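> This structure is in C-alpha cells; I'll ask about it shortly.
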Amino acid sequence: MDTRGCSHLDAIESVKQPKRRECEECVKIGSYWVHLRTCQTCGVTLCCDSSPNQHASKHAHASGHPVIASAQSGERWLYCYTDEVLAEY
Ligand SMILES: [Zn+2]
Ligand SMILES: [Zn+2]
Ligand SMILES: [Zn+2]
C-alpha cells in the first residue's frame, strides 16, 4: 500500500468490511445515499460525500476517526481525511 507518510493508513492491518449495505444514519432519518463508506476505527458504515447527508465525512470530523474504506463491492481503497491520502489495498 502506498500510504505516502500517512501513519493512520500505515496502522491498518486488516480492512474492516461493512456489516450492512446501508447508511446507519440515513436509515434512522429516512434519507437516501449514493455510495457507502466504512469507518476503519469503529466499523460503522455511512454515506459518501456525494450523498445529501455526507455522514461518513461528518463522522470522521466529529469523532476523530480519520480513515474510511469504500463499502462498494469491487472497490478496494482507503482514504484518510486528516492527510487526504487515498490508497488501494
Ligand atoms: Zn492519515
Ligand atoms: Zn447517510
Ligand atoms: Zn468511526
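The values are calculated or read from the model by the stated rules, or taken from the named source; none is laboratory data. Keep in mind it's a predicted model, so treat the numbers as computed, not measured. So basically every Cβ, Gly included, is an ideal-geometry build from the backbone, and we count neighbours across all protein chains shown. SASA here: full protein model, heavy atoms, side chains in, ligands and nucleic acids out. Shrake-Rupley method; radii C 1.70, N 1.55, O 1.52, S 1.80 Å.
> Filter segment 21-35 for residues that are surrounded by 18 or more Cβ atoms within 10 Å (Cβ to Cβ) and over 15 Å from Gln72 (Cβ atoms); which is nearest to ligand 1 (Cβ to nearest atom)? Reasoning before the result, please.
Within segment 21-35, the first condition is being surrounded by 18 or more Cβ atoms within 10 Å (Cβ to Cβ), and the residues that meet it are 23, 25-26, 33.
Filter once more, keeping what is over 15 Å from Gln72 (Cβ atoms): 25-26.
Values: Glu25: 23, Cys26: 26 Å.
Step by step, filter segment 21-35, then rank; the result is Glu25.
> The conditions are (1) open to solvent by 60 Å² or more (accessible area, probe 1.4 Å); (2) touching a residue at least 12 places away in the same chain (Cβ under 8 Å), and Ile68 fails exactly one of them. Which is it?
(1)
> A further question on this structure: Would you confirm whether any residue within segment 1-20 is out of contact with any helix residue (DSSP H, G or I) (no Cβ under 8 Å at 6 or more places or on another chain), more than 10 Å from ligand 2 (Cβ to nearest atom), touching a residue at least 60 places away in the same chain (Cβ under 8 Å) and open to solvent by less than 10 Å² (accessible area, probe 1.4 Å)?
Checked segment 1-20: at least one residue is out of contact with any helix residue (DSSP H, G or I) (no Cβ under 8 Å at 6 or more places or on another chain), more than 10 Å from ligand 2 (Cβ to nearest atom), touching a residue at least 60 places away in the same chain (Cβ under 8 Å) and open to solvent by less than 10 Å² (accessible area, probe 1.4 Å).
> Further question: Which residues, taken from segment 36-61, are within 13 Å of ligand 2 (Cβ to nearest atom), open to solvent by 70 Å² or more (accessible area, probe 1.4 Å) and out of contact with any helix residue (DSSP H, G or I) (no Cβ under 6 Å at 6 or more places or on another chain)?
Ser50, Pro52, Gln54, Lys58
> So, of the residues in segment 21-52 that are charged (D, E, K, R) and free of Cβ contacts under 8 Å to residues at least 12 places away in the same chain, which turns out to be nearest to Ala69 (Cα to Cα)? Step through it out loud before you land on a result.
Applying the first criterion (charged (D, E, K, R)) to segment 21-52 yields 21-22, 24-25, 28, 37, 49.
Restricting the remaining residues to those that are free of Cβ contacts under 8 Å to residues at least 12 places away in the same chain gives 28, 49.
On the way: Lys28: 22, Asp49: 13 Å.
It comes out as Asp49.
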